1. Please find, within segment 472-484, the residue that is modelled with the lowest pLDDT out of those that are outside any helix (DSSP H, G or I) and of a type outside the set (D, E, K, R).
2. So which pairs qualify, if the first residue must be in segment 73-89 and in contact (Cβ under 8 Å) with a residue 40 or more places away in the chain, the second must be assigned to a helix (DSSP H, G or I) and among the acidic types (Asp, Glu), the Cβ gap must be under 6 Å, and the two must be at least 6 apart or on different chains?
3. Suppose we filter Ala176, Ala180, Ala152, Ala164 for residues that are closer than 21 Å to Glu96 by Cβ, of a type in the set (Gly, Ala, Ser) and either out of contact with any Asp or Glu (no Cβ under 9 Å at 6 or more places or on another chain) or assigned by TED's automatic domain parsing to the domain that holds Arg429 (or both); which single one remains?
4. Looking at (1) of a type in the set (Lys, Arg); (2) assigned to a loop (DSSP other than H, G, I, E, B); (3) free of Cβ contacts under 8 Å to residues at least 60 places away in the same chain, can you tell me which one Arg456 breaks?
5. Sort through Leu487, Leu469, Leu450 and tell me the only one that's surrounded by 18 or more Cβ atoms within 10 Å (Cβ to Cβ), within 28 Å of the chain's Cα centre (by Cα) and either part of a helix (DSSP H, G or I) or among the basic types (Lys, Arg) (or both).
6. Condition check: in a helix (DSSP H, G or I) and on the phi < 0 side of the Ramachandran plot. Does Leu12 satisfy that?
7. The conditions are (1) in a helix (DSSP H, G or I); (2) modelled with pLDDT under 95, and Leu282 fails exactly one of them. Which is it?
8. Please enumerate the residues belonging to segment 61-84 that are over 34 Å from the mean Cα position of the chain (by Cα), more than 18 Å from Val116 (Cα to Cα) and either of a type in the set (Gly, Ala, Ser) or modelled with pLDDT of 85 or more (or both).
Amino acid sequence: MEKTVFLDGNHLTLAEFISVTRQHSPVAITKEAMEKVAKSRGVVDRLLGEGRPMYGINTGFGRFSDITIPERENSILQVNLIRSDAVGTGAPFPREVVRGILLLRLNSLLKGFSGVRPVIPETLTAMLNRGVHPVIPEKGSVGASGDLCPLAHMVLPMIGEGEAEFEGQVLPGSQAMEKAGIPLVELKAKEGLALINGTQAMTSVCAHALHEATILMTSADILAALTAESLRGIVNAYDPRIQEARRQKGQIAAASNLRKILEGSTYVTQQGELRIQDSYSLRCVPQVHGASRMAIDYVREVINAEMNAVTDNPLVLIDTNEVFSGGNFHGQPVAIAADTLGIAAAELADISERRIAKLVDPALNHGLPAFLVKDGGLNCGFMVPQYSAAALVSENKVLAHPASVDSIPTSAGQEDHVSMGTTAARKARTIVEHAAAVLGIEWMAAAQALDLQEPRTLGKGTRAAYDLLRERVAYLENDRVFYQDLLVAKQLILEGKLLERVEKAIGGLF
């Protein structure tokens, strides 16, 4: 059984997040966190009793914030908010993203700034642990008043509406909750707004993309090293003195990885042994991969903070018994991070495709057969896999255009700047998936190139990478259906199997 993840609003890690979303690790709430939730609700109840006007608690929303709502209609206000905001469109988010949304919203509520009753986090916990997954369309959020639209779809099953997936079936929300044995919730003042005013959709999508990009950035070093061997690359370009002279920590780490992976190789060469310089796609691997590595490090800092952040409005301040309106729901930090992540992953794919193109081109591959096949003409070999890589890289260039620089006013101008953070996150995740496919093609092409030349000694790390591929994907003697091989290579990368095998062979990498 998976280890229980204890939530207190402050210490959720990316590893724990992935454990809950993908391995369905159970979650539990700490006693201290639930005490903060109860105190926060106590502040709301006291201020309501005093008749104090508080945004979204006893007033309307957005442009309607100046309209006072009678106390007897506070619950109706919260339900109407959920119904009116559940206007998503497009395909549903994958289950793991939905679980991430539930988890992150729960964790945020546990910080004790949201003014909900304990039954709200208890219900979210039960939904996660019993596998009730709301159907949440992926489009419809502008990412400024939080992810209002997707989070409203998350709430619908809690009040017996909408749809949810349970035990492999999509059911009406009320049925899914009943089958799971989870009582429905009657929303009280503040609770509807507290559940949907946050950045949890964009953060869940981006956190999953970040997890995969972190695997890709080191896997790219491994596969660049394998290509360097297949092209008899010059290792002097990876000398630590060159890297230290530039002072860029990502470059230094990438070059260190390359040297460690290539240790013991007799395929790679010294400067002047076969040629003086390599093309940039080999020579500048530390500089290009290193830049993406530093960008991914920045994204990790943002996402780690956002996973444990208070992102709704207004906030309930327990210490002073106050309720203040602010702008923590605005998704701009995540939006810029997600755009950065997309650009970083796109560049890993971009330079990988250039290495693939070099491998298949007889004018550039230093004596290897055209398109890496012996009987060219009768066979196309790796001609069209390079087309596929080129198509993905080209699409990435379109997707990498930042969403965060766009804004369109909403709520009759009251919400006059929005982040488009959920769009940025969805784009980033698509780019990461494309990059994994391109790296998978490079892996297959580099292994094929090695098989087409005189056997030498592979590096300690590249040996492990080559052997793992050949356990699942055979040498290409004659043309065959290729897409299944590509899927295998891509999944071995995304699931971390390549990285795991190489690290086991040579020790840890950056």
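The values are calculated or read from the model by the stated rules, or taken from the named source; none is laboratory data. For clarity, every value in this text was computed on a predicted model and none was experimentally measured. Neighbour counts run over all protein chains shown; Cβ positions are idealised from the backbone, glycine included.
1. Among them, the one singled out is Phe482.
2. Taking only residues 6 or more apart or on different chains, the pairs are Gln78/Glu191.
3. When all the criteria are applied, what remains is Ala164.
4. Condition not satisfied by Arg456: (3).
5. The conditions single out Leu469.
6. no
7. (2)
8. If the condition is that a residue be over 34 Å from the mean Cα position of the chain (by Cα), more than 18 Å from Val116 (Cα to Cα) and either of a type in the set (Gly, Ala, Ser) or modelled with pLDDT of 85 or more (or both), then Ser65 is the only one that fits.
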